[in-house]
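> Would you mind keeping the following structure in view while I ask a few things?
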Amino acid sequence: MNSQFPEYRPRRMRSSEALRRLLCETRFSPNQLIMPYFVREGRKVKEPINAMPGQFRFSPDTLSAAVEPLVRSGVKSILLFGIAEAKDAKAGASASKNGVVQKAIREIKKRFPDLLVMTDVCLCAYTSHGHCGLLNVQNRIDNDATLPVLARMALSHADAGADMISPSDMMDGRIRAIRQMLDQKGFENLPVMSYAAKYSSSFYGPFREAAHSAPGSSKRQISKMITRTGALTTAPKDRKTYQMNPANREEALREIALDIQEGADIVMVKPALAYLDILREAKDMFHFPLAAYMVSGEYAMIKAAAEKGWIDERSAVLESLVSIFRAGANTVITYHAQAAAGWLENN
């Protein structure tokens, strides 16, 4: 480009709202947003989540009522997270036909048959120790023993009527295990959205309160076990052995490539805002459907600052979403989905 000031004045094309709209490079609509919901057992339950103002734990019957205004707003997709009452070391309730997510899927699909219902597949809310995988006798994550449990959980969601399966556990090989199970049972057309690059992030804190899924360390939750060497061990108190190191970029691209090879239909980067560089590289490298998760901590920070009057919530949310789509995401999971849809309508 040879033209320089004063011949070329970039501000000319920013001088009116009409011009700014005309040349807007990044656009998104409510159709591209996914709203997450937490579902627990019971009836007529609507519990506020302290760390996530405006968000609730629902029972399957109250969830249907909550979804109605979301559908009216133009958001067409939801993602369900289950909260089990009965927890054990083997996540026995995760694949139950009468599990809370399975009930919620049936309730939602009866009332909103055209709504895209995605389900989280992970064991952390179903295990007594709070980890996303099973533990072996040494209280370490047993990756390979976890895979069939995840596959059965995914199949139970498919049987209940889910439209998409979304594994978030970060076990090696779980996409292949789930894909093979679904294909064998006649669900070869059911898509899988993989949490392909899920980082071990401090921004998950409010979610763990919401889902009652923090890794535990109490004697009630995790018993000490004697290893073959006679040493006492306890389960890890964090998820760093399976979720990714925030410092690693190339590893994320390897993880994404593996999940695509194993049969994922959409790959995800989580969290979103602190990992926009990963989103951009993933889009440029793979040219594959790409999701991003604007996680609980990102939501809670905006809400807290807005309540203090330090930022404008509407502007901060829409700017954040634009940045995620600009980085390459095709869809964004966000607790602000319904509010953002309304702001877009009135923008």
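> Label Arg208 and Ala66 with points 7 Å out from Cα along Cα→Cβ: what is the distance between them in nm?
Modelled inter-label distance: 2.2 nm.
> From the phi of every residue in the range 320-326, what ³J(HN,Hα) in whole Hz does the Karplus formula 6.51 cos²θ - 1.76 cosθ + 1.60 yield, where θ is phi - 60° and glycine or proline is x?
Whole-Hz 3J(HN,Hα) from phi for the range 320-326: 4, 5, 4, 5, 6, 5, 4.
> Taking every DSSP beta bridge that has both residues in the chain, what percent is antiparallel when rounded to the nearest 5?
15
> Zone of Arg326 (label point 7 Å along Cα→Cβ, backbone N under 12 Å): which residues in the range 278-303?
none
> For the range 328-333, what does the Karplus curve 6.51 cos²θ - 1.76 cosθ + 1.60, with θ = phi - 60°, yield as ³J(HN,Hα) per residue in whole Hz, taken in order and with x for Gly and Pro?
For the range 328-333, the Karplus-derived couplings read x, 5, 8, 8, 10, 8 Hz, x marking Gly and Pro.
> What angle, in degrees between 0 and 90 and rounded to the nearest 10, separates the Cα long axis of helix 337-346 from the longest principal axis of the Cα atoms of the chain?
For helix 337-346, the angle is close to 20 degrees.
> Cα axis of helix 250-262 to longest principal axis of the chain: angle in degrees, 0 to 90, nearest 10?
The angle comes out near 70 degrees.
> Post the alpha-carbon centroid distance, the range 21-38 to the range 103-147, in whole angstrom.
Value for the Cα centre distance between the two parts: 28 Å.
> Going from the alpha-carbon gyration tensor of the range 253-321, what semi-axes, largest first and in whole Å, does one get by taking the root of 5 times each eigenvalue? Could you put the intermediate results ahead of the total?
Numbers: eigenvalues 184, 22, 15 Å².
They are 30, 11, 9 Å, listed largest first.
> Quick check: residue separation of Asn248 and Glu85 times 0.36 nm, minus the Cα distance between them. What number comes out in nm?
55.1 nm
> Follow-up. Calculate the dipole size of the chain relative to its Cα centre from +1 charges on Lys and Arg beta carbons and -1 charges on Asp and Glu beta carbons; express the result in debye to the nearest 20. Don't skip to the answer; put the middle values down first.
On the way: 46 positive and 37 negative charges, 132 e Å.
Around 640 debye, computed over the chain.
> Okay, next question. In what sequence, highest mean first, do 311-324, 68-81, 125-138 appear when ranked by Cβ atoms within 10 angstrom? Please list the in-between numbers first.
Values: 311-324: 17.4, 68-81: 18.9, 125-138: 22.4.
Ranking the peptides 311-324, 68-81, 125-138 by packing returns 125-138, 68-81, 311-324.
> Turning to a different aspect of this structure: Given contacts defined as C-alpha pairs under 8 Å and at least six residues apart, what's the relative contact order of the chain, whole-number percent? Write out the running numbers ahead of the final one.
Values: 663 pairs, mean separation 61.8, N = 347.
Relative contact order, the chain: 18 percent.
> Let me ask you something else. Please state, to two decimals, what the Cα-based radius of gyration of the chain comes to when divided by 2.2 N^0.38 Å (N = residues).
1.05
> Moving to a separate point now. Between the helical axis of 276-286 and the dominant principal axis of the chain, each derived from Cα atoms, what acute angle in degrees is found, rounded to the nearest 10?
For helix 276-286, the angle is close to 90 degrees.
> Out of Pro36, Ala66, Asn189, whose Cα points farthest toward the positive end of the dipole of the chain (charges: +1 Lys, Arg; -1 Asp, Glu; placed on Cβ)?
Farthest towards the positive pole: Ala66.
> Let me ask something else. Antiparallel versus total DSSP beta bridges in the range 1-124: what percent is that, nearest 5?
Percent antiparallel among DSSP bridges in the range 1-124 is about 20.
> Testing the spin-label approximation: label points 7 Å from Cα along Cα→Cβ at Arg9 and Asp144. State their distance in nm.
7.1
> Moving on. Summing Lys, Arg as +1 and Asp, Glu as -1, what charge do residues with Cβ under 11 Å from the Cβ of Val71 carry, Val71 excluded?
Working: positive: Arg72, Lys76, Arg111; negative: Glu68, Asp114.
Local net charge: +1.
> Suppose the Debye formula is applied to equal point scatterers at every Cα of the range 132-181; what is log10 I(q)/I(0) at q = 0.15, 0.27 Å⁻¹?
Those come out to -0.39, -1.00, one per q.
Laboratory data are not the source of any read-out in this text; all were calculated from the coordinates shown. In this text the structure is predicted, and so the values were computed from the model without any measurement. Heads up, the Cβs are rebuilt from the backbone with ideal geometry, glycines too, and the neighbour counts pull from every protein chain shown.
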